[in-house]
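> The following block contains the structure, expressed as structure tokens.
The values are calculated or read from the model by the stated rules, or taken from the named source; none is laboratory data. These numbers come from a predicted model, not from an experiment. Neighbour counts are summed over all protein chains in view; Cβ atoms, including those assigned to glycine, are modelled from backbone coordinates with ideal geometry.
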Amino acid sequence: MDKLFNKEEEINSVENYKFEPIKGFPRLRWKGKRPFNGTSFFPAQLKERYGESEDGWINKIYWGDNLQVMSHLLKEFRGKINLIYIDPPFDSKADYKKKIKLKGKKVENTYNSFEEKQYTDIWTNDEYLQFMYERLILLRELLADNGSIYLHCDWRASSCLRLILDEIFGIENHLNEIIWCYKERETTTDKWNRKHDNIYYYAKSAGKHIFNSDDVREEYTEKTKAKFKYKDDKGFYQIRGKGIPGSPVNKADGLRPEHEKLYPGMTYRQYMKNGTLPRDWWVFPIINKAANERTDYPTQKPEKLLEKIIKASSNPGDIVFDCFMGSGTTQAVAMKLGRKFIGADINLGSIQTTTKRLLNILEKENGQIELQTEPEGVLYPGFEVYNVNKYDFFKNEVEAKELLIEALEIQEYEGTNVFDGEKDGRMVKIMPVNRLCTVADLEPLIANLDYKKYEKRATEDPNKSVESITLYCMGHDPELKGFLERELHPLNFDIEIYDILREKTELEFKRESEVDLEIKGGKLIINAFYPMNLLQKLSILKENVGNWRELVESIIIDWNYDGGVLEPAITDIPSKNDLVSGEYEIPKTAGTIKIKITDLLSESLEEVIENG
């Protein structure tokens, strides 16, 4: 198969990625199937940093559409990710919800609890297949040559996904279909109760892939162990009775030529004493309500499941990626096993749940996680949180301009106060992004134009515009273009106004709630907090908020905010029914303070305060 991108080609070129039909094998088609002909680069906005880098690496979590996140990752991580696990939508025709309940309330009623939709798994026509097809193409391109991918699904779409995986990864690279069996209450009487999921396991290149079979041996049952009688402390032993089920009939303990290649220097019996070799069916219970690892995130998978996958198909220090992150199980297990990780999810609740989960791991271990790999392994506990196409532009205009230049693919100009860059032969000016653009904002542009240059152009060709100008803004006065044309008359300028909020539909921006806080008596005190979306869902008016702390999931504070990345010194993340403090002692070394308040909907408000 041809590669998605040639390394010398531009990031958005996918024209050479074609699949040739394989003779004798089926190929899945659906109405509206279209080739994946292009992808745009989306910049990432670094929002938060927890901990420090280790050996030049810090883990990464991205909030955004995973197609756009992967388009971003291709620039740096093409061919570098060693293991991918994804638990994508199953096309289950259901909405997955999380119960939102005011903290500290013991009695539940319609006034203090409701169900909030976390994500929708309802698809029309063949959108689901196209959705998965495009993402699997990018996932393959991110895999290292020794990498592999595990795709978790169930009976609903397993047959279709298998054919798409065959098409993209190649039938020869399909290594296993793993069956995860689980027990729970049976509810069906008209057919067989469904008690398993399917996990497809593919290599980027079979034969080069990592597989640590000894790390995922399955321990023998006590009955089988009773059959062993060891000869000495070096592990030489004989088997009573009929021996280990499935082993060759061999009463001698000497080496056999056909075994030497698999386990040099030992007999089959010596090799097998540490447990059975990995099987393609696993039995793990679904997470129950009392489990310590439970996050109440819908479709959460057990850590034991991910532990088996990560141990088998990656080594300490390898990069593990999950672009349908959910509750962050992949990231939590990777952290404990000394792997590097990257995660992504379009659901803000996933980002907040994962962040909280990782911080709780660090807090529980007092900052020192017990490494579950060999003693010389390295931990990578630090992580950063990024926004990809979920940009927060409204408080830092300098950062906003930089992100827009990158997102809109503008060729940037430096050292000029007239234009910010050029795009498609047009001069570009990015107008203020934190408010409606008015005619008053045009004054610096009008005052600094090189009129002598433009008058010369007008003389040379009176019928041609002297310059093509595009103004980018987020909402604007409808008279903006007409006013600028009148001010520049009689010179003829070709002027376009590009309203990002209305026209650049693939870019998204978020706004925030309200907070009342103050510095008093050496403390940072929160007097009130109003998460407007949450209050609307609870049918509570702003003026009727009682204890605002019941609405808050967490508070994190950076006492010395550098104007860029949030690096918290305070992480106030109470348990399920406890409340945040709301009052925090300010250290004497504090400078600029940044506080982030996250509500029960996982929506956050960020405020910056100058200390003193």
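> Show the residue pairs that are 6+ apart or on different chains and have beta-carbon atoms under 8 Å apart, the first residue being within segment 388-408 and over 19 Å from LEU73 (Cα atoms) and crowded, with 17+ Cβ neighbours inside 10 Å, the second being at pLDDT 80 or above and of a type in the set (Asp, Glu).
Sorted first by the residue in segment 388-408, then by its partner, the pairs are ASP392/GLU606; LYS401/ASP420.
> For a quick check of your reading of the model, give me the residue pairs whose first member lies in segment 13-33 and is more than 27 Å from SER71 (Cβ to Cβ) and not assigned by TED's automatic domain parsing to the domain that holds PHE131, whose second is assigned to a loop (DSSP other than H, G, I, E, B) and at pLDDT 75 or above, with beta-carbon atoms closer than 9 Å and at least 6 apart or on different chains.
What qualifies is PRO21/ARG27; ILE22/GLY170.
> OK, next. Failed condition for SER159, given (1) in contact with a Phe, Trp or Tyr (Cβ under 9 Å, 6 or more places away or on another chain); (2) at pLDDT 70 or above; (3) of a type in the set (Ser, Thr, Tyr), with all others met?
That leaves (1) as the condition not met.
> Also: Just to verify a result, which residue in segment 543-574, among those that are more than 25 Å from THR354 (Cβ to Cβ) and surrounded by fewer than 16 Cβ atoms within 10 Å (Cβ to Cβ), is modelled with the highest pLDDT?
ASN560
> Still on this model: Only one residue in PHE41, PHE90 is surrounded by fewer than 18 Cβ atoms within 10 Å (Cβ to Cβ), assigned to a loop (DSSP other than H, G, I, E, B) and at pLDDT below 90. Which one?
PHE41
> While we're on this one: Please name all residue pairs, on different chains or six or more residues apart, with Cβ atoms under 7 Å, provided the first residue is in segment 146-175 and is free of Cβ contacts under 8 Å to residues at least 60 places away in the same chain and within 20 Å of TRP30 (Cα to Cα) and the second residue is of a type in the set (A, V, I, L, M, F, W, C) and crowded, with 18+ Cβ neighbours inside 10 Å.
Filtered contacts from segment 146-175: LEU161/MET132; LEU161/LEU151; LEU161/CYS153; LEU165/LEU136; LEU165/LEU151.
> Next question, about the same structure. Kindly indicate whether any position in segment 333-342 is in contact with a strand residue (DSSP E or B) (Cβ under 8 Å, 6 or more places away or on another chain), within 25 Å of GLN68 (Cα to Cα), among the β-branched types (Val, Ile, Thr) and surrounded by fewer than 24 Cβ atoms within 10 Å (Cβ to Cβ). Full working, then the answer.
Of segment 333-342, the ones in contact with a strand residue (DSSP E or B) (Cβ under 8 Å, 6 or more places away or on another chain) are 334-335, 339-342.
When the remaining residues are screened for being within 25 Å of GLN68 (Cα to Cα), the result is 334-335, 339-342.
Subset that is among the β-branched types (Val, Ile, Thr): 342.
Those still in the list that are surrounded by fewer than 24 Cβ atoms within 10 Å (Cβ to Cβ) too: none.
Among the residues of segment 333-342, not one is in contact with a strand residue (DSSP E or B) (Cβ under 8 Å, 6 or more places away or on another chain), within 25 Å of GLN68 (Cα to Cα), among the β-branched types (Val, Ile, Thr) and surrounded by fewer than 24 Cβ atoms within 10 Å (Cβ to Cβ), which makes the answer no.
> Then there is this: I'd like the residue in segment 154-206 that is within 21 Å of LYS308 (Cα to Cα) and of a type in the set (Lys, Arg) and, out of all such residues, is nearest to the chain's Cα centre (by Cα).
LYS204
> Given (1) under 19 Å from TRP282 (Cα atoms); (2) in a loop (DSSP other than H, G, I, E, B), where does ASN198 come up short, assuming only one miss?
(2)
> I would also like to ask the following. Given the residues THR354, THR299, which is the only one that is crowded, with 24+ Cβ neighbours inside 10 Å, among the β-branched types (Val, Ile, Thr) and in contact (Cβ under 8 Å) with a residue 24 or more places away in the chain?
Exactly one residue qualifies, and that residue is THR354.
> Still on this structure, I have one more. Return a yes/no flag: does segment 555-568 have any residue that is in contact (Cβ under 8 Å) with a residue 60 or more places away in the chain and on the phi > 0 side of the Ramachandran plot.
So far as segment 555-568 goes, yes, one or more of its residues are in contact (Cβ under 8 Å) with a residue 60 or more places away in the chain and on the phi > 0 side of the Ramachandran plot.
> Test each condition in (1) at pLDDT below 80; (2) surrounded by 12 or more Cβ atoms within 10 Å (Cβ to Cβ) for ARG78 and report the one that comes out false.
Among (1) at pLDDT below 80; (2) surrounded by 12 or more Cβ atoms within 10 Å (Cβ to Cβ), the lone unmet condition for ARG78 is (1).
> Would you say ILE540 is part of a loop (DSSP other than H, G, I, E, B) and either closer than 21 Å to LYS356 by Cβ or of a type in the set (Val, Ile, Thr) (or both)?
So ILE540 passes the test.
> Take the residues of segment 439-473 that are outside any loop (DSSP other than H, G, I, E, B) and of a type in the set (Gly, Ala, Ser): which is surrounded by the most Cβ atoms within 10 Å (Cβ to Cβ)? Lay out the reasoning, then the answer.
First pass over segment 439-473, keeping only residues outside any loop (DSSP other than H, G, I, E, B): 439-448, 451-460, 467-473.
Still in the running and of a type in the set (Gly, Ala, Ser): 440, 447, 458, 468.
Values: ALA440: 9, ALA447: 9, ALA458: 17, SER468: 15.
The qualifying residue surrounded by the most Cβ atoms within 10 Å (Cβ to Cβ) is ALA458.
> If I ask for residues that are in contact with a Pro (Cβ under 8 Å, 6 or more places away or on another chain) and part of a helix (DSSP H, G or I), which ones from segment 326-357 would you list?
Listed by number, the residues that qualify are THR329, MET335.
> Now for a separate question. Kindly indicate whether any position in segment 101-119 is in contact with a helix residue (DSSP H, G or I) (Cβ under 8 Å, 6 or more places away or on another chain), modelled with pLDDT under 70 and of a type in the set (Asp, Glu).
yes
> If GLU422 meets every condition in (1) modelled with pLDDT of 75 or more; (2) part of a loop (DSSP other than H, G, I, E, B); (3) touching an Asp or Glu at 6+ places or on another chain (Cβ under 9 Å); (4) not assigned by TED's automatic domain parsing to the domain that holds GLY349 apart from one, which number is that one?
Among (1) modelled with pLDDT of 75 or more; (2) part of a loop (DSSP other than H, G, I, E, B); (3) touching an Asp or Glu at 6+ places or on another chain (Cβ under 9 Å); (4) not assigned by TED's automatic domain parsing to the domain that holds GLY349, GLU422 violates only (2).
> I need a count of the residues in segment 162-194 that are touching a Phe, Trp or Tyr at 6+ places or on another chain (Cβ under 9 Å), in a helix (DSSP H, G or I) and of a type in the set (D, E, K, R).
Qualifying residue count, segment 162-194: 3.
> Next question. Filter segment 586-612 down to the residues that are assigned to a loop (DSSP other than H, G, I, E, B) and not small (Gly, Ala, Ser), then identify the one that is surrounded by the fewest Cβ atoms within 10 Å (Cβ to Cβ).
LYS588
> Go through ASN198, ASN193 for me and flag whichever is in the same structural domain as TYR133 (by TED's automatic domain parsing), at pLDDT 85 or above, farther than 18 Å from LEU83 by Cβ and in contact with a Ser or Thr (Cβ under 6 Å, 6 or more places away or on another chain). Show your work before the answer.
On the way: ASN193 fails: in contact with a Ser or Thr (Cβ under 6 Å, 6 or more places away or on another chain).
ASN198 is the lone residue from the list that is in the same structural domain as TYR133 (by TED's automatic domain parsing), at pLDDT 85 or above, farther than 18 Å from LEU83 by Cβ and in contact with a Ser or Thr (Cβ under 6 Å, 6 or more places away or on another chain).
> Please go through segment 162-190 and pick out each residue that is out of contact with any Ser or Thr (no Cβ under 8 Å at 6 or more places or on another chain), under 19 Å from TRP281 (Cβ atoms) and not polar (S, T, N, Q).
Quick first cut of segment 162-190, residues out of contact with any Ser or Thr (no Cβ under 8 Å at 6 or more places or on another chain) only: 162-172, 174, 176-190.
Now restrict to residues that are under 19 Å from TRP281 (Cβ atoms): 162, 174, 176-184.
Correct list: ARG162, HIS174, GLU177, ILE178, ILE179, TRP180, CYS181, TYR182, LYS183, GLU184.
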